[in-house]
1. Checking the table Lys101/Lys187; Lys72/Lys135; Lys46/Lys72; Lys40/Lys176; Lys31/Lys85 against a 23 Å threshold on Cα-Cα, which pairs fail?
2. Using only the Cα atoms, what convex hull volume per residue in Å³ does the stretch 214-259 have?
3. Given the options Ala74, Ala268, Ala205, state which has the largest fluctuation in a GNM of the chain using a 10 Å cut-off (strictly under) for Cα springs.
4. Say we join alpha carbon atoms closer than 10 Å with springs in a Gaussian network model of the chain; which of Cys11, Cys214, Cys140 then has the biggest fluctuation?
5. In percent, how large is the relative contact order of the chain, given Cα pairs closer than 8 Å and 6 or more residues apart?
6. Taking Cα atoms, how many degrees apart are the long axis of helix 300-317 and the longest axis of the chain, rounded to 10 and kept between 0 and 90?
7. Counting only other residues whose beta carbon sits under 13 Å from that of Ala19, what net charge do I get with K and R as +1, D and E as -1?
8. According to the Cα gyration tensor, what semi-axes, each the square root of 5 times an eigenvalue, does the equivalent ellipsoid of the chain have, listed from largest to smallest in whole Å?
Amino acid sequence: MNASEIKKIACIGSGLIGASWATNFLMKGYKVNIYDIDEKLLAIAKERIERDLEFLVSKNVIEEDKLEQIEKNATFTTDMEIALKDVQFIQESGPEKYEIKHEILAEVDKYASPNAIFASSTSGLLITEIAKFSKHSQRCIGAHPYNPPHLIPLVEITKGDNTSQEALDAAYEFYKLLGKEPIILKKEALGFIANRLQMALYREAVDLVNRGVCTVEDVDKATCYGPGLRYATMGPNLLYHLGGGPYGIRGILSHIGPSVEMWWKDMADWKTWPEGWKDIVHEGVEESILGRAPEMGNNVEDLVKFRDDMLLELLKLHKKL
Ligand SMILES: NC(=O)c1ccc[n+]([C@@H]2O[C@H](COP(=O)([O-])OP(=O)(O)OC[C@H]3O[C@@H](n4cnc5c(N)ncnc54)[C@H](O)[C@@H]3O)[C@@H](O)[C@H]2O)c1
């Protein structure tokens, strides 16, 4: 399978991630079959996809006169056989449980062409484990997007023990054609790259609040208006290289490195979520949303819009639109 042979895609699971993937494939001109286990869920997905496509039209990312055809390219179905008919690429975004991924893959083995690539959106499960009962495990890859996949370029690709180089190369090329920024992990790792980084930061965020150093809102402010703004421009290694002035990253690590070792000794290293955190943070988040100016989004719906508006601007700056 060659990436240019991919014309029709199945999105299996049409929740938050599946619907957003569908939007991404549709906006790039592909035909997309969208599958879920019941009609009500599909209706919600359809609404979500149409809303996101209209938003992209309003931002001139999609030409208005293309919208009708783009929407016609979407088929919604609860029939797996129909969903998988004549597709060359399958983006699976079902629930994050091995048993369900195994059930889905059994159906995929039954109805899809053996040449079709199976890409799981799993956030951190191992693709070897997901594919272990499949008759065609050579075509299975992990392809972890970041929410919302139709806007965030990163896709972390993982290979399992049996994944073929051909499937890996075709998937990588396909995501490139889609305008994504794929990374192929050299070996499997639970949580992949970005979620491990994100959760290392988040453990410290939880700990700072629990230690009474700052509030839930302060954590978000410190992240968003400090490192977050910089991370939207480039990664930590390049940033530290700039921080070292003429001495580069070697220089800054020599300069502040010894202090950092003191911080590390003081930082959290627990392995299970502290009791009560979900309630503490939920209350903290609700309080901080209420405190936001309306134009910055002070309810969940407006926050999504605010985030997507900002992401579009950043993507333009990164030449990713
Ligand atoms: N939410 C995120 O931020 C995020 C980010 C990246 C990756 N992911 C991964 O994407 C996948 C989907 O996550 P989500 O947040 O969209 O979840 P979700 O709950 O919003 O969607 C899952 C969908 O799968 C459907 N489903 C249930 N059983 C199914 C079956 N047997 N066959 C097909 N579909 C089935 C559900 O009805 C639901 O619509 C997970 O593997 C998750 O780890 C999530």
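1. Lys72/Lys135; Lys40/Lys176
2. On the way: hull volume 3.6 nm³, N = 46.
Hull volume over Cα atoms, normalised by residue count, gives 78 Å³.
3. Ala268
4. So, out of Cys11, Cys214, Cys140, the one fluctuating most is Cys214.
5. After rounding, I find 13 percent.
6. It works out to around 90 degrees.
7. Values: positive: Lys46, Arg48, Arg51; negative: Asp36, Glu47, Glu50, Asp52.
Once positives and negatives cancel, what remains is -1.
8. Values for the chain, descending: 35, 24, 21 Å.
Only the coordinates and a few stated rules stand behind these numbers; no lab work does. Note that this is a predicted model, so its numbers are computed, not measured. Cβ atoms come from the backbone with ideal geometry, glycine included; neighbour counts cover every protein chain shown.
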